[in-house]
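Below you'll find the structure, written out as structure tokens, and then a few comments.
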Amino acid sequence: MKAKELADRIAAAAADKKARDILLLNMAELSPVTDYFMICSAQSSTQVRAIADNIEDKLAEAGVLPAHKEGYTEGSWILMDYGDCVAHIFREGERDFYNLEQLWADAPSESYQEGTEA
């Protein structure tokens, strides 16, 4: 699966659980670690976990498992490392505080719109 397709599938799985403000950052030229960040927001820790669970379930159906996952217990910021794409699922206040979009402002970005996945 190509990096963009992976990022789109992760974003689609997040959208299934009503994630807000889904953003894809193209990190290919800026990071040797990953090609994409998928960043999204949720209103509660319960929703953050539900989004992470859905991403994991949907990608497992395609035979893709995360190399690493952290933050699940706290539920304020879950990071899921899928190699070519790293998913960042934030509770709204944490997303504002950490502001990854500003930190990686040089990365080309696109808002995810449902129905646009590859």
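The values are calculated or read from the model by the stated rules, or taken from the named source; none is laboratory data. These numbers come from a predicted model, not from an experiment. Methodologically, a virtual Cβ is constructed for each residue, glycine included, from the backbone with ideal geometry; neighbour enumeration extends over all protein chains shown. SASA here: full protein model, heavy atoms, side chains in, ligands and nucleic acids out. Shrake-Rupley method; radii C 1.70, N 1.55, O 1.52, S 1.80 Å.
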Practice prompt. Return yes or no: is Phe37 among the hydrophobic types (A, V, I, L, M, F, W, C), part of a strand (DSSP E or B) and closer than 16 Å to Lys2 by Cα?
Written response: yes
Within the range 89-108, restricting to residues that are part of a helix (DSSP H, G or I) and of a type in the set (A, V, I, L, M), the one that is nearest to Ala19 (Cα to Cα) is Leu100
When the range 68-93 is checked residue by residue, the ones that are in contact with a Phe, Trp or Tyr (Cβ under 7 Å, 6 or more places away or on another chain) and exposed (fewer than 11 other Cβ atoms within 10 Å of the Cβ) are none
The residue from Asp106, Asp96, Asp57 that alone is of a type outside the set (Val, Ile, Thr), open to solvent by 80 Å² or more (accessible area, probe 1.4 Å), farther than 14 Å from Asp8 by Cα and touching a Leu at 6+ places or on another chain (Cβ under 7 Å) is Asp106
Quick count over the range 25-66, residues being among the hydrophobic types (A, V, I, L, M, F, W, C) and over 12 Å from the mean Cα position of the chain (by Cα), is 10
Point to revise | Residue in the range 41-64 that is part of a strand (DSSP E or B) and in contact (Cβ under 8 Å) with a residue 24 or more places away in the chain present | key: yes
When (1) outside any helix (DSSP H, G or I); (2) open to solvent by less than 60 Å² (accessible area, probe 1.4 Å); (3) in contact with an Asp or Glu (Cβ under 7 Å, 6 or more places away or on another chain) are applied to Leu30, the one that fails is (2)
